[in-house]
Amino acid sequence: RISEQMRVSRAPLREAMRELVQEGILTSIPYAGTFVINVTAKDIDDAYSLNKVLDEFAIERMWKQRDQRFLDELDRRHEAVKQATRERDTTRQIETALQLHGLIHEWADNSVLLETWQRLT
């Protein structure tokens, strides 16, 4: 059992699995179980293509709004990525890179865009 292996109770595990089904990471088949979806090269290409479009739109939206606060935050997030890289902390590198990348989406001032990008990443 997953709950025993992870040492968590069933209720939060069930809720987490429901969320992963909603996000399209897992699929639930009645009377059979819950499974990780198969991801193809085309699925990955499609996601990257959509991400590129979202990035371009975000940059168009935020470009004129950038100011010193934006540049300071950009520098801070970039430093966090460099620090994680120096420490060879792979998990932290991924987290900080996503935070750095997300800055343009946060500054685009479009909640639907930000939510879509967050789901995609």
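What follows is calculated from the coordinates using simple rules that are stated; it is not laboratory data. What you see is a predicted model, and the numbers here were worked out from it, not measured in a lab. Here the Cβ is made from the backbone with ideal geometry for all residues, glycine too, and neighbour counts use every protein chain on show.
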Practice item. Would you kindly compute the Cα radius of gyration of region 1-100 and its largest Cα-Cα separation (Dmax), both in Å? Key: 19.1, 56
Exercise for review: Give the residue from 96, 11, 48 lying farthest towards the positive end of the charge dipole for the chain; charges sit on Cβ (+1 for Lys and Arg, -1 for Asp and Glu) and the dipole is referred to the Cα centre.
Suggested key: 11
Review point. 222 nm [θ] for the chain, helices only, -39500 (n - 2.57) per DSSP H run of 4+, per residue, to 500?
Key: -23500 deg cm²/dmol
Point to revise | From phi via Karplus (6.51, -1.76, 1.60), per-residue ³J(HN,Hα) for region 65-82 in Hz, x at Gly/Pro | key: 8, 5, 8, 5, 4, 4, 4, 5, 5, 4, 4, 4, 5, 5, 4, 5, 5, 4
Exercise for review: Quick one: dipole size for the chain, taken about the Cα centre, charges +1 on Lys/Arg Cβ and -1 on Asp/Glu Cβ, in debye to the nearest 20.
Suggested key: 420 debye
Exercise for review: Amide H neighbours of residue 26 under 5 Å, at least 5 residues apart or on other chains, H built in the peptide plane: list them.
Suggested key: 21, 37
Check your understanding: What are the residues whose amide H is under 5 Å from the amide H of residue 108, where those residues sit 5 or more places off or on another chain and H is modelled from the backbone?
Key -> none
**Study point:** With Cα atoms, 0 to 90° folded angle of helix 90-107 axis to the chain main axis
**Key:** 60 degrees
**Study point:** In sequence order, calculated HN-Hα J values of region 51-62 (Karplus, 6.51, -1.76, 1.60; Hz; x Gly/Pro)
**Key:** 4, 4, 5, 4, 4, 4, 5, 4, 5, 4, 6, 9
Point to revise | Phi-based couplings in Hz for region 114-121 (Karplus 6.51, -1.76, 1.60; Gly and Pro marked x) | key: 4, 5, 5, 4, 4, 5, 5, 8
Practice item. Sort all Cα-Cα distances of region 41-120 into consecutive 10 angstrom bins from zero, then give the percent of pairs in each bin up to the one containing the longest distance. Key: 18, 41, 34, 6
